[in-house]
Amino acid sequence: MAASTTMNLKQLSDRLGLSPTTVSRALNGYSEVSEATRQRVIEMAAQSGYRPNVMARHLATGRADAIGLVYPLDATYLGDPRFIEVLEGLTARFHEADIDVLIASAGKDDELETYQRLVRAHRVDGLIVARTRLNDARIRFLRAAKFPFVSYGRTSDPSGFAWFDFDNALGTRLAVERLVALGHRRIAYLHADRDLTFAAQRYQGFMVAMLEAGLSVDPALVREAGFLRRQAFSAMHDLLRLPVRPTAVIVDNNQAGVGVIRALLEAGLRPRRDCSLIIYDGLPQDTLLDQQDVSSVEQPTPNAAGRKLAELMLGVMQGTAHTQLQVLWKPYLRPGMSDGPAPL
């Protein structure tokens, strides 16, 4: 039979002289089927153009062959190109394993309900939990339900489940150490909501590094800027109106960084010359600002992070111990043209 001809399970079974049950189990990797039989079935299926009935396979195996990711209907996600790159890497790796990625939208107030609905309906075989919080109800629910998941980020207690994260505290420590070495003492810090784990960790890194440098932190120089560019613009505008403005600013996310640079430029100031600036993750590539070469705390490529998340999820599905599925990558500081010596 030509490879382009579609064959059903019964026809394939007849050709092999095996029962449909044996052929189905061979194709789905059941351990009771010998390796020799499995290889024989796989080779004949390939030669004969056999295409499995996806719905029947799902019913037989109890698997959805899909991993879910709940995507909040929130401008801070939709406007984050780095998260989209993570999703690209995640999808590519799962595609290699013949697994789909199901993206479910959710409002801010019904995100947990969306998780519960996906689990109850068994529409996915596992879930990726993104942008974790220190006290995360989604992770509590998934652990109680014993449902497979990997979190992109840790919680206040990261034991007992699989996760992938960056050493966020190290990133802001590196930023403070660089600015202190350049002679800065009045360093401002703009951050996202500190209920978010990454923001809390980066804030902790900033505070510890300032303490270790023997510098006091002026509360007036530490402000929540969120993710929205206009909110960050307003926070930076207020800093620049202080009687003694900061000589340097660290921003804990790249979306806020756009608003911060805009505030500097509109005030007639230039990064580095008038105010040193270090932005976590740099600037989004799609910004229209001509200040792309900013000093930044960098992390391995988002695409690689997405692939690693997928690898961890596959490990969870295979029953690997969660203690072997906790991965922490280190950031590094990339000097650019937005920071320099403190003014005399």
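Read-outs: derived from the displayed coordinates by stated rules, not from any lab. Because the structure is a prediction, the values reported are computed rather than measured. Note that we place each Cβ from the backbone using ideal geometry, even for glycine, and neighbour counts take in every protein chain shown.
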> Of (1) over 18 Å from S151 (Cα atoms); (2) touching a strand residue (DSSP E or B) at 6+ places or on another chain (Cβ under 9 Å); (3) surrounded by fewer than 23 Cβ atoms within 10 Å (Cβ to Cβ); (4) not aromatic (F, W, Y), L328 satisfies all except one. Which?
Replying inline: (1)
> In segment 153-162, is there at least one residue being of a type outside the set (F, W, Y), part of a strand (DSSP E or B), crowded, with 20+ Cβ neighbours inside 10 Å and touching a Ser or Thr at 6+ places or on another chain (Cβ under 6 Å)?
Replying inline: no
> Could you list, in sequence order, the residues of segment 292-344 that are touching a residue at least 40 places away in the same chain (Cβ under 8 Å) and charged (D, E, K, R)?
Replying inline: D293, R307, K308, E311, K330, R334, D339
> Are any residues in segment 175-200 under 30 Å from R138 (Cα atoms) and basic (K, R), and if so, which ones?
Replying inline: R194
> Among the residues of segment 217-253, which ones are hydroxyl-bearing (S, T, Y) and surrounded by 17 or more Cβ atoms within 10 Å (Cβ to Cβ)?
Replying inline: T247
> Has segment 138-150 got any residue that is assigned to a strand (DSSP E or B) and either crowded, with 17+ Cβ neighbours inside 10 Å or polar (S, T, N, Q) (or both)?
Replying inline: yes
